[in-house]
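Asks: Structure incoming, see below.
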Amino acid sequence: MTDTVQSTHRRGLGKVGLIFACGTALFSDGYQNGVIGTVNTIIKIIYKDTPDLNLKNYSTTFSSLVFAGTIVGMLLFGVLADRIGRKFGMIAATFIVFVFAALSAGAYGAGGSVKGMLAALSAYRFLLGIGIGAEYPAGSVAAAENTEDPGIKSGSQHMLFALATDVMIDWGFAISAFTPLVLLWIFGEDHLRIVWRGSLALGTIPPLLVLYWRLRMHEPERFRKEAMKHVAWKDYPLRLIVKRYWLRFTAISLAWWIYAFITWPLGIYSSTITTTIIGDSAPLTTSLGWNVVINLFYIPGCMIGAVLVDKVKPRMLMSIALVLQAIFGFAMSAAYGYFATPAHIAGFTVMYGIFLSLGEVGPGICLGLLASKSSPTAFRGVFYGCIAAIGKVGAFAGTWAFPAIVDRFPPGPKQDSGPFWIGSGLCILSALITFFFIPEVPENHMSTSCLPILIDSRKLPDDLPSLYGFLSSNLRTLILTANEDIKFREYLAANGFDVSLLGLKDEGPIESHVAKDKGKEVVDAVRDASSEEKGAEVV
């Protein structure tokens, strides 16, 4: 580990900076998924009179291809991040996002064909989705592993992960709404082609900003010690992994699926706000301006969640936020007829903003943490990638299911508010799953930690047996806490798996994480404190 840390500092990237270099490329996820909504709107305006062109079908297919590409990237790079390395996954994701963001901006059909251009744009977006999906099991997982570096301040590990991942995604959405508006101010509505192509072209900048640092970073220390890169496919302990981790995997996957599934009713309410305030015939600049306001609703929630997550802990914070979100959702649905009018739309907008913020305080911030820190390092990429892919399937299902659900309600206010009743009910279900079936993720969950305990050194016995008895009867907290990697190693060894295969043998000797003589470490620490002849020492 010393080599890794020294190399990192020599290249000018600190330990906190390393976390952000791993995670902040997820800004591209928020930007690319957010900007395409505005691009779709502009394309429909520009090409609405094109003969034999069904823009509605194009828009639906386009969205489906983006989902498909993202899911493929999550699953494929989940495997590659575990088998080849986090660094490989992050660099590959960066290049994919950059190349296909650039190609999307320059999409062109043969002979100037609009259909050909839209087909090319759809293909590029699918491939871009693979790069975006790759960031989850590569970048997010590496960021999570680097948060438990010994140099990271206690009480800030979860916050740093949240700031480097979910907060970046939300800022990506906000910037993606603001960028087309600025370009529209500059070029005007007579040059909408420049607006949509320029909006996509500017999406090439974020991946380039982190590429320099990613090329120079090392694999996270935990991955170097616990990777199953050298385990043959025929020897991969899949049965043992499923037997031990199926419950938490299923619970986190369901929670993420539900969170993504209920995002559709949020879209219904955002369109209600803009339509009620500005009407259907408002200028495009006004419509895009309100889109910026709505996307900014997410920012307070993710920032507050990042501050609270270390204090409240991810599982508890997510459970509380989901219950509060459901309460606000039920209240908005019940009072929809009163609020969804021009006279009271301001109050509705405030409640809607609180609802969105609570979604980020809870599942937005905590799902990534729970998915990335609830499994051992050896298969963390696959674990996280599969959970994130299931979440994307939930989002895809929501985009198709909720229109049918809306049609089942009687026309009028009930049809507009009905899906929100369903969404709020699913929030309660997700809160129950989270609280009862997902284990909490404390600090240093992936690394052995020494907890501070006050001991009066003058009362320490001199002989070894008496010292052990003193520690057993007086310490109310375990000094050494076994991490998930230690438990997994012991579990594999107990079931006949050769744990010597774990780790990257080509990068130096791999230290065992299973303490051979924990009692000796405790005794040495206590005697060091005692020798300083202080009244009370921290072990």
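Asks: Take Lys414 and Ala331, extend 7 Å from each Cα along the Cα→Cβ direction, and tell me the distance between the two endpoints in nm.
Replies: Between Lys414 and Ala331, the simple spin-label model gives 2.5 nm.
Asks: I've got another one for you. Translational diffusion coefficient of the stretch 108-194 at 10 °C, 1.306 mPa s, Stokes-Einstein with Kirkwood Rh over Cα pairs, in µm²/s as a whole number.
Replies: Estimated diffusion coefficient is 96 µm²/s.
Asks: First select every other residue whose beta carbon is under 12 angstrom from the beta carbon of Leu163; then total the charges, Lys and Arg +1, Asp and Glu -1.
Replies: Local charge sum for Leu163: -3.
Asks: Tell me the Kirkwood radius of the stretch 157-268: reciprocal of the mean inverse pair distance over distinct alpha-carbon atoms, in Å.
Replies: Answer for the stretch 157-268: a Kirkwood hydrodynamic radius of 19.1 Å.
Asks: Another question, if that's okay. Rg and Dmax of the stretch 150-202, Cα atoms, in Å?
Replies: Rg then Dmax for the stretch 150-202, in Å: 17.4, 56.
Asks: Determine, for each peptide in 360-372, 215-227, the mean count of other beta carbons within 10 angstrom over its residues, then list the peptides with the highest first.
Replies: Descending packing order for the listed peptides: 360-372, 215-227.
Asks: Once you order the gyration tensor axes a ≥ b ≥ c over the Cα atoms, which shape class does the stretch 38-142 get: rounded for a/c under 1.5, otherwise prolate or oblate by comparing a/b with b/c?
Replies: Taking the square roots of the gyration eigenvalues as a ≥ b ≥ c, the stretch 38-142 is prolate.
Asks: For the pair Thr285 and Ile405, how long in nm is the line joining their label points, each one 7 Å along Cα→Cβ?
Replies: Simple spin-label model gives 3.8 nm for this pair.
Asks: Hey, with R₀ at 35 Å, roughly what FRET efficiency would Ile277 and Ile304 work out to, going by the Cβ-Cβ distance, to 0.05?
Replies: After rounding to 0.05, the efficiency reads 0.85.
Asks: Per residue, what volume in Å³ does the Cα convex hull of the stretch 341-415 take up?
Replies: Measuring per residue, one finds 102 Å³ for the Cα hull of the stretch 341-415.
Asks: Sticking with this one: In Å³ and rounded to a whole number, note down the convex hull volume per residue for the Cα atoms of the stretch 225-377.
Replies: 161
Asks: Let me ask something else about it. Would you mind getting me the FRET efficiency between Ile194 and Thr61? Use the beta-carbon distance for r and R0 = 22 Å, nearest 0.05.
Replies: Efficiency at R0 = 22 Å is approximately 0.30.
Asks: Rank-order 282-289, 250-257 by packing density, defined as the average count of other C-beta atoms within 10 Å over each peptide's residues, highest first.
Replies: Result, highest mean first: 250-257, 282-289.
Asks: Report the paramagnetic label zone for Leu501: residues of the stretch 364-384 whose backbone N is under 19 Å from a point 7 Å from Cα along the Cα-to-Cβ axis.
Replies: 376-383
Asks: Separate question: Name the chymotrypsin sites (Phe, Trp or Tyr not before Pro) in the stretch 34-97 that are in a loop by DSSP and that have at most 14 other C-beta atoms within 10 Å, would you?
Replies: none
Asks: Could you tell me the center-to-center distance, by alpha carbons, between the stretch 47-82 and the stretch 289-335 in angstrom?
Replies: 28
Asks: Further question: Can you tell me the order of 158-165, 404-411, 324-331 when each peptide is scored by its average per-residue count of other Cβ atoms within 10 angstrom, highest first?
Replies: 158-165, 324-331, 404-411
Asks: Another question about this same structure. Provide the net charge surrounding Val39, with neighbours chosen by a C-beta distance below 13 Å and charges set as Lys +1, Arg +1, Asp -1, Glu -1.
Replies: +4
Asks: Same structure again: Please work out the ratio of the alpha-carbon Rg of the stretch 297-397 to 2.2 N^0.38 Å and round it to two decimals.
Replies: The value comes to 1.28.
Asks: Quick check: net charge around Leu80, other residues with Cβ under 12 Å of its Cβ, Lys/Arg +1 and Asp/Glu -1?
Replies: +3
Asks: Classify the stretch 324-364 from the C-alpha gyration tensor, please: rounded if a/c falls under 1.5, else prolate or oblate depending on whether a/b exceeds b/c.
Replies: The shape class here is oblate.
Asks: While we're here: Between their Cα atoms, which of Lys392/Lys414; Lys15/Lys243; Lys311/Lys392 are more than 32 Å away from each other?
Replies: With Cα atoms farther than 32 Å apart: Lys15/Lys243.
Every read-out reported here was derived from the displayed coordinates using simple, explicitly stated rules and does not represent laboratory data. Since the structure is predicted, the reported quantities are computational estimates derived from the model, not experimental observations. Cβ atoms come from the backbone with ideal geometry, glycine included; neighbour counts cover every protein chain shown.
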